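Here's the structure, in structure tokens; my notes come after.
Taken together, the values in this text are just the output of simple stated rules run on the coordinates, not laboratory data. All figures in this text were calculated on a predicted structure; none of them were measured in a lab. We place every Cβ from the backbone using ideal geometry, glycine too, and count neighbours over all the protein chains shown.
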Amino acid sequence: MTDEERIPVSLVLGSGGARGLAHIGVIQALLEDGCYQIRSITGTSIGALVGGLYAADRLAPYTEWVRTLTRADVWGLLDFSFTRRGLIEGERLMKKLLELVGDARIEELPIPFTAVASDIERRREVWLNHGSLFEAIRASIAIPGLFTPVRRAGRLLVDGGLLSPLPIAPTLRHEADRTIVVSLNGAAQRRQAKTGDAATPEETAAPRSPLRRWIGHASATRELDAPPGEPVSAFDLMARSFSAMQDRIARYQMAAYRPDVLIEIPIDACGVLDFHVASRMIDLGHRRARAALRAAHRHDDETEA
């Protein structure tokens, strides 16, 4: 199928921490399907990271790197700031991301791209569609209270998911026949233990410091899997609250701008910081996307019949 025959689509990648690694599998499935051509990408938080890397043709090296991460590697990338602005300065992680992203500028990317951040002082979402790609991603993934915020053009910017977990509106500026949206706040689906799912010693290694042990324990516990009555950690409570808020806002966004294809990743697929399960999440995104695309093709066939 030639580019002229493929259906032009706008791809919207939502927020949700490590669950967003599923975005990689979604993009892989779209490319394999062959019927669609990605004409524009809009992403918020982890969606901005994955979408920006794809738009810059740097997703392959990121995927190769993230698949190798163990839990110990993830904690090694998180440098704790102990400041009033956030628990994690994120400089080690950002140094690695800068290495992967390079000095690309958004306006020079082959695919139109928009990263969404939240202006915490003016209380509105900000569309970042020009300037440094790395800086835009850095602002979009700055989870309030966890990562330190970014000051850009006089605005204090934090995670885009705070105000726009599914940024569909920016896609209206681009010519596309369909909008494909990937939500990371799908209905909970408690994961069944499977052969091969057992964590390796490296994945389960406990962080050394008390703060890291506290956050590590909370991250390792699936957000919705705690038995009834079990005490909820402060970190887990923060993650649940953030997810609940995002889910409500995302519902309003989808009601206002109905997507043509919706791909949902279960909210309990993994913890917010479980980047060490990249391979499992990428595979999950791939499976979910293939199922959604098959349903879309059936709908097209029935419409044409």
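General remarks:
- Two-decimal Rg/Rh across region 94-187, once Rg and the Kirkwood Rh are taken from alpha-carbon atoms: 0.97
- Computed from point charges on the beta carbon alone (+1 for Lys and Arg, -1 for Asp and Glu), the dipole magnitude for region 261-305 about its Cα centre is near 200 Debye.
- Cα-Cα pairs of region 239-291 separated by more than 12 Å (percent): 72 percent
- Within region 1-131: Cβ-based charge dipole about Cα centre, in debye rounded to nearest 20 (Lys, Arg +1; Asp, Glu -1): 640 debye
- All-pairs alpha carbon distance profile, region 1-151, 5 Å steps from 0, percent: 2, 9, 18, 22, 20, 14, 8, 4, 2, 1, 0
- Long-range tail of P(r) for region 265-305 (Cα pairs > 13 Å, %): 61 percent
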